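The structure under discussion appears below in the form of structure tokens.
We did not get these values from a lab; they are worked out from the coordinates using the rules stated. This structure is a prediction, so every number in the text was calculated from the model and none was measured. Positions of Cβ are backbone-derived with ideal geometry, glycine not excepted, and every protein chain shown enters the neighbour counts.
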Amino acid sequence: MNQNARPHIEKILANLTQLPGVYKMLGKEGELLYVGKAKNLKNRVSSYFVKTIEHPKTQALVARIYDIETLVTRSETEALLLEQNLIKQHRPPYNIMLRDDKSYVYIFVSADKPYPRIASGRGKGKHQIGKFFGPYPSAYSARDTLLVLQKLFNVRQCENSYFSQRKRPCLQYQIKRCSAPCVGLVSPEDYKEDVNNSIRFLQGDTKELNQELIAKMEQAAADLEFE
């Protein structure tokens, strides 16, 4: 942490809410350095200022932070949508820098037809063929996004070897996190639409999806399906 900014940053950290939302890391002149989202703003933002951060680019970011702004949202899903839109609109330098780092985690949509899978892995394009999104600063952050995608779009995340051997739906179908394409419970056309919506979500192209997604998320919460 920059020593000149320490008193101000510590005051912000002490007063952060534990609600979901988006945080903005700002530089000395008020310039936007980085945008992130959190299920719990206090826990996530505070995690940047612990001594165990090892990644040099994250360390470089923290050293430049002079101020932090937060925006509280109704849910983690809404926070993710807002984060994507802000990154797309402002292109913060540290969000862009991290895109070129091969040690970070990416989410990818495979090229498998007619039922692509969505999963995560390190190194953009290193072991998979498909569309890549990210990077995400931690495996936890990527898993968090994958869970949201599961609940909203039901696209499979299982390995191809597991998918090809299924004779009946697995637990993910039972808890409404997969549409069971493995046993033909969803048409290729409907599945393709779910995949395309997932891609739009990951690209931050969410203006048309926003209201539909938020309504779906709120319904899931009402049904006690949303964690």
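Modelling each spin label as a point 7 Å along the Cα-to-Cβ direction, I'd like the N15/S187 distance in nm, to one decimal.
5.6
Return the distance in nm (one decimal) between the two label points of a simple spin-label model at Y140 and N2, each offset 7 Å from Cα along Cα→Cβ.
According to this spin-label approximation, the distance is 2.6 nm.
Take the Cβ-Cβ distance between D67 and K88 as r, set R0 to 25 Å, and report the resulting FRET efficiency rounded to the nearest 0.05.
After rounding, the FRET efficiency stands at 0.65.
How do T17, T145, T70 line up, fewest other C-beta atoms within 10 Å first?
If I rank by nearby Cβ atoms, fewest first, I get T17, T70, T145.
Subtracting the Cα-Cα distance from 0.36 nm times the residue separation, let me have the gained length for E159 to N40 in nm, one decimal.
39.8 nm
State the Cα centre-to-centre distance between the range 2-38 and the range 105-164 in whole Å.
30
From the phi angles alone, apply the Karplus equation (6.51, -1.76, 1.60; θ = phi - 60°) to the range 162-168 and give each ³J(HN,Hα) in whole Hz, x where the residue is Gly or Pro.
Couplings: 6, 4, 6, 9, 6, 10, 8 Hz.
For T73, T58, which order do you get if you count the other beta carbons within 10 Å of each Cβ and list the fewest first?
Neighbour counts put them in this order, fewest first: T58, T73.
Run through the range 38-78 and list the GluC sites (Glu not before Pro) located in a DSSP loop whose Cβ has at most 16 other Cβ atoms within 10 Å.
When the GluC sites (Glu not before Pro) of the range 38-78 are filtered for loop state and at most 16 Cβ neighbours within 10 Å, E54 remain.
Strictly over 18 Å apart at the Cα level, which of K42/K151; K37/K88; K39/K192; K11/K88; K24/K88; K11/K57 would you flag in this model?
From K42/K151; K37/K88; K39/K192; K11/K88; K24/K88; K11/K57, over 18 Å: K42/K151; K39/K192; K11/K88; K11/K57.
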